[in-house]
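The values are calculated or read from the model by the stated rules, or taken from the named source; none is laboratory data. None of the values given here were measured: they were computed from a predicted structure. Positions of Cβ are generated from backbone atoms using ideal geometry, with glycine treated the same way; all protein chains shown enter the neighbour counts.
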Amino acid sequence: MKSFLTPEEEEILRGIRVGSENDPDNPEFPPDNPKFPATPTLEIDLPDFPYVSLKDESVNPTGTHKDRMAWEIVVTYRHFLSAKKRGLIKEELPHMSIITFGSAGLAIQNMLKMHNLPNLKCLIDEKYIDKDTLKSLKKLGAEIFETDLDKKAYNSEEILQMTNNKGGLDITSDEALDPTTRFYDWMSYEIINNNPDYVFVPFGSGHLYENILNINKKECSTKHHDPRFSGNVEILSACNFIGSTTNNPKTKAIKLYSPHLPFSHFNEQWIRLYKFAGFCGPDSGVKLMREDYLDEAIDLAESQGINCEPSGIAGLALMLQMKNSLPKNKKFLIVNTGKTKY
């Protein structure tokens, strides 16, 4: 069959090797050494709570769970190249645009550069991105565009226009990429297979939280389980999934704060439906974290050698904040989304 790819594009396509979509014996992440689980779950010491573990995403290539999302973007380009090879599309590979506070942009650009794919166009606000991250983005070749993210919630058309990306794709809000079911599906199985009674997870864009809930819903509502699933439905249908976020513009957890979160599916009706249907426990929801408990969580994590940044350990902060109302003998899982490597 005739190929419509250039030799360079053929080489890129050959270089993107995907294991499988859901075979735990043939995983797809991390791309250089696929394994399932891809990251470890560690026991941690929390006074009065004997069953606390931590899902550690800091071992990922750029240090956070966003590397999983970045890999899915590369897989998306593989689909583009496969379609172009068959002559279904004739356009050049599109650039992608994203609003980023740093971790997602860095993870995606790092993965794109590894596979010789078009550079990412990043829309940033200097108030919400540290200088080291910005420097690393530029060094990796990302195209940087600045704006005031406090002004309004931008839609896809505006994001593409502001990043000079006519004909490109906005991945901040593009539902075609299935961000709430695909970006973190493998990670979600790694979490729920632990059969926790409570899961505490940072909530920024909401994609990770939504992925976990959607995978849990899927497995609690079917008799035909995904091959990756090894959990206990009876336990997981009562598991409380708690997102930790902030509305404090001066927070240390800068990657969780945004004046506008226009692309999150989370709302009270959504979570109420999941509770009524038995897809999660009655205490599930997104709650505001207090800064003094974030400081306590940072100190506790540091004392136990946990590699994290304030945004990544926000789940532990919220558990500490709620500890007087939590049952001591239940099984808790804290998700550490990691710490950006520069």
Expected single match for more than 20 Å from the chain's Cα centre (by Cα), among the hydrophobic types (A, V, I, L, M, F, W, C) and not assigned by TED's automatic domain parsing to the domain that holds Thr251 among Leu112, Leu123, Leu140, Leu134 is Leu140
Hey, does the range 82-102 have a residue that's in a helix (DSSP H, G or I), outside the structural domain of Ser258 (by TED's automatic domain parsing) and farther than 16 Å from Leu13 by Cα?
no
Looking only at the range 207-228, how many residues end up being of a type outside the set (D, E, K, R), touching a Pro at 6+ places or on another chain (Cβ under 9 Å) and surrounded by 19 or more Cβ atoms within 10 Å (Cβ to Cβ)?
4
Can you tell me which of (1) in a loop (DSSP other than H, G, I, E, B); (2) touching a Pro at 6+ places or on another chain (Cβ under 9 Å) is the one Lys166 doesn't meet?
(2)
Of those in the range 44-77 that are assigned to a helix (DSSP H, G or I), touching a Lys or Arg at 6+ places or on another chain (Cβ under 9 Å) and charged (D, E, K, R), the residue farthest from Asn324 (Cα to Cα) is Glu72
Among the numbered criteria (1) of a type in the set (A, V, I, L, M); (2) more than 27 Å from Ile124 (Cα to Cα); (3) part of a loop (DSSP other than H, G, I, E, B), which one does Ala253 miss?
(2)
Taking Asp178 as the residue in question, decide whether it is of a type in the set (D, E, K, R), touching a residue at least 40 places away in the same chain (Cβ under 8 Å) and farther than 20 Å from Lys339 by Cα.
no
When (1) crowded, with 17+ Cβ neighbours inside 10 Å; (2) within 22 Å of Gly338 (Cβ to Cβ) are applied to Lys138, the one that fails is (1)
Can you tell me which residues in the range 180-217 are assigned to a helix (DSSP H, G or I) and hydroxyl-bearing (Ser, Thr, Tyr)?
Ser188, Tyr189, Tyr209
